[in-house]
Every structure is written in C-alpha cells, then in structure tokens.
C-alpha cells in the first residue's frame, strides 16, 4: 500500500480475482495478459472498480509500476 493508501495489485491466477474485485476505484489491478486473472476480469469488468492495467512481460510490468509510482 502506498503512502496515500492506494493499492497496486499484481496477479495472474484465478485465485487473484476475489482480492482484485475488492479494490477501490483509486486502486489499480495489473493482470498478466493471457492468464486466468486477465480473462476473468474481462468477463467481470463491470464488477471491478479498480483501474485495470494488463501487462505481458517483466520489463513492461516494471515500466508500469514506475509510471504508477511517479504519478503519486
């Protein structure tokens, strides 16, 4: 959790869906493209309040996390 209370949740498995759906609209969930969480969030997008930012590889994930951190 960041200083301002926002949560950035990174996941890829089906078990990550429940915590992702509990996030608030000020939070972010980063599902890995092509993995169960990404597919489930596409199906349940209307239930997810958090900003969804898909990623593919480690470099893209690192860049995304840096971008989120610099926007705080």
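The values are calculated or read from the model by the stated rules, or taken from the named source; none is laboratory data. Worth saying up front: this structure is predicted, and the values here are computed from it rather than measured. Reconstructed Cβ throughout: ideal geometry from the backbone, glycine too, with neighbour counts over all protein chains shown.
Considered as a group, the residues in the stretch 43-70 that are closer than 18 Å to residue 22 by Cβ and under 13 Å from the mean Cα position of the chain (by Cα) include one that is modelled with the lowest pLDDT, and that residue is 45. Taking the stretch 29-44 as the range and being under 25 Å from residue 4 (Cβ atoms) and either in contact with a helix residue (DSSP H, G or I) (Cβ under 6 Å, 6 or more places away or on another chain) or in a helix (DSSP H, G or I) (or both) as the test, the residues that pass are 29, 31, 37, 41. If the condition is being in contact (Cβ under 8 Å) with a residue 12 or more places away in the chain and part of a helix (DSSP H, G or I), then the stretch 45-68 contributes 47, 61, 64, 65, 68.
Restricting attention to the stretch 1-21, the residues that are assigned to a loop (DSSP other than H, G, I, E, B) and either closer than 17 Å to residue 64 by Cβ or within 11 Å of the chain's Cα centre (by Cα) (or both) total 4.
Note on the stretch 41-53: among residues that are out of contact with any strand residue (DSSP E or B) (no Cβ under 8 Å at 6 or more places or on another chain) and surrounded by 12 or more Cβ atoms within 10 Å (Cβ to Cβ), the one that is farthest from residue 13 (Cα to Cα) is 49. Take residue 24 and tell me if it is surrounded by 15 or more Cβ atoms within 10 Å (Cβ to Cβ) and assigned to a loop (DSSP other than H, G, I, E, B). Criteria not met by residue 24. Figure legend. Inter-residue proximity from the stretch 12-28: first residues in contact (Cβ under 8 Å) with a residue 40 or more places away in the chain, second residues surrounded by fewer than 13 Cβ atoms within 10 Å (Cβ to Cβ) and not in a helix (DSSP H, G or I), beta-carbon distance below 7 Å, spacing 6+ or different chains. No pairs are indicated.
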